[in-house]
Amino acid sequence: MSERSFFFDAGDGHRLHVVLWGKPGGVPVVFLHGGPGSGCNPGQRALFDPERHFVVFVDQRGAGQSLPRRSRAANTTAHLIGDLEALRRHLNLGRWLVVGGSWGATLGLAYAQAHPAAVSGLALRAVFLGTRAELEAAFLTRLCTFYPRLFTAFQSLAGSEDPLTAIWQQILHPDPQIHRPAAFLWYDMERAMSELRPGSEAPITRPDDAPLPATPFMEASYFLNDCYLSPGQILQNAPRLAGLPGILVQSRFDLLCPPEGTARLAALWPGAEIRMVEAAGHSLSDPGVSAALALAIADLSAG
């Protein structure tokens with residue numbers, strides 16, 4: 001088992017932090033983190049077999065340890081797709097297994113649809129189709145239903161008939177007095193919706209010098225621009241996945257990415273298999289979810 005890291009020059013001033021981990025010459029895998037903007041972390045290695053897989057962990061533009069940090073310049077889904085293909089060629093890899101969850105699943109699907117010949121299969125968790133409708137259902141309907149205190153705080157801060165657009169614009173506002181409370185509230189809302197048993201059902205009080213979370217800023221940029229996808233792009237292009245095997249790990253009680261989106265995708269992708277995880281939420285840290293994804297990766301790597 002080996003490990004090395006380096007920065008990959010992706011162009012446009014972006015240098016992507018890449019970690020190569022596992023068995024050189026093993027089954028090639030690319031791991032796509034969520035967010036957008038969250039970055040990879042060492043805990044994700046537990047999904048893979050170091051004696052079987054050669055895993056490419058890549059921090060997307062502006063995410064994780066990639067430079068410049070949090071840069072939203074020249075940072076769109078098309079840029080990220082181009083980065084993945086350029087990196088695959090740079091590493092002289094043939095077809096690789098695409099693994100990702102939530103936004104990582106969105107990017108993985110968009111990449112596979114653009115470059116199906118470069119993909120051996122897809123192991124995806126918590127499918128997000130990248131649509132405004134999904135975000136509205138999550139943060140305007142389910143948040144109100146399951147976390148009314150957070151929803152009230154959201155309405156109060158956004159102060160708009162279109163609170164989603166309002167809070168994303170607040171997060172991207174240059175004034176810290178505006179973007180700090182918005183970023184922290186968005187982070188708290190997402191955290192609560194991600195965990196089956198969140199530790200708090202209300203906004204968390206933090207000291208004035210608390211460090212800002214990274215993901216709200218990248219998510220605001222992407223979500224304000226419909227994830228830089230054309231309307232219905234992921235489902236419309238699902239036929240391009242024909243012939244590719246896919247395993248879709250879906251939690252029954254995922255409030256952010258519920259089973260509906262996964263079912264809609266699978267109906268248009270004959271090679272996809274849904275594996276439901278009962279009594280689980282959105283987070284990869286749920287033991288049932290991580291175990292199911294690890295098994296999906298192993299099954300798609302067999303033979």
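Cα convex hull of segment 153-246: mean projected area in nm², to one decimal?
Details: hull surface 34.4 nm².
In nm², the orientation-averaged hull projection of segment 153-246 is 8.6.
Accessible area per residue of segment 158-265 at 1.4 Å probe, in Å²? Before the final figure, lay out each step's value.
On the way: 4990 Å² over 108 residues.
Heavy-atom SASA per residue in segment 158-265 reads 46 Å².
Could you tell me which trypsin sites (Lys or Arg not before Pro) in segment 81-151 are loop residues by DSSP with no more than 16 other beta carbons within 10 angstrom of their beta carbon? Could you put the intermediate results ahead of the total?
Details: sites: ARG88, ARG89, ARG95, ARG125, ARG132, ARG142, ARG149; in loops: ARG95.
Answer by residue number: ARG95.
Any chance you could check the Cα centroid distance between segment 1-71 and segment 233-296 for me, in angstrom?
After rounding, the separation between the Cα centres reads 22 Å.
CYS144 accessible area, nearest 10 Å², 1.4 Å probe?
Per-residue accessible area (CYS144): approximately 60 Å².
Keeping all protein chains in place and using 1.4 angstrom, which order do GLU51, GLU219, GLU136, GLU161 fall into by accessible surface area, from largest down?
Largest to smallest exposure gives the sequence GLU161, GLU51, GLU136, GLU219.
Quick check: from the Cα gyration tensor, does the chain come out rounded (a/c under 1.5), prolate or oblate? Walk me through the numbers before you get to the answer.
Working: a/c = 1.67, a/b = 1.38, b/c = 1.21.
The shape class here is prolate.
Going by the alpha-carbon gyration tensor, a ≥ b ≥ c the square roots of its eigenvalues, is segment 193-291 rounded (a/c under 1.5) or, if a/c is not under 1.5, prolate (a/b greater than b/c) versus oblate? Present the calculation step by step, with values, prior to reporting the outcome.
Numbers: a/c = 2.93, a/b = 1.48, b/c = 1.98.
Oblate.
What is the sum of charges, Lys and Arg at +1 and Asp and Glu at -1, for the other residues whose Cβ falls under 11 Å from the Cβ of HIS115?
Details: positive: ARG88, ARG89, ARG95, ARG240; negative: GLU85.
Within the 11 Å Cβ shell, the charges total +3.
In degrees, nearest 10, range 0 to 90: what is the angle between the Cα axis of helix 77-90 and the longest Cα principal axis of the chain?
30
Expressed as cubic angstrom per residue, what is the convex hull volume of the alpha carbon set of segment 1-122?
So the per-residue hull volume is 88 Å³.
Counting only protein heavy atoms, what percent of the accessible surface of the chain is carbon or sulfur at a 1.4 Å probe? Each step should come with its number before you reach the end.
Numbers: 6790 of 12740 Å².
In the chain, the share of accessible area belonging to carbon and sulfur is 53 percent.
Across segment 190-232, how large is the tail of the calculated P(r) beyond 15 Å, expressed as a percent of all Cα pairs? Before the final figure, lay out each step's value.
Values: 571 of 903 pairs.
When all Cα pairs of segment 190-232 are counted, 63 percent exceed 15 Å.
Looking at the chain, send over the antiparallel percent of its DSSP beta bridges, to the nearest 5.
On the way: 15 of 42 bridges.
Of those bridges, close to 35 percent are antiparallel.
The values are calculated or read from the model by the stated rules, or taken from the named source; none is laboratory data. Note that this is a predicted model, so its numbers are computed, not measured. Note: ideal-geometry Cβ built from the backbone for every residue, glycine included; neighbour counts use all protein chains shown. Only protein heavy atoms, including side chains, enter the accessible area calculation; ligands, DNA and RNA are left aside. Shrake-Rupley method; radii C 1.70, N 1.55, O 1.52, S 1.80 Å.
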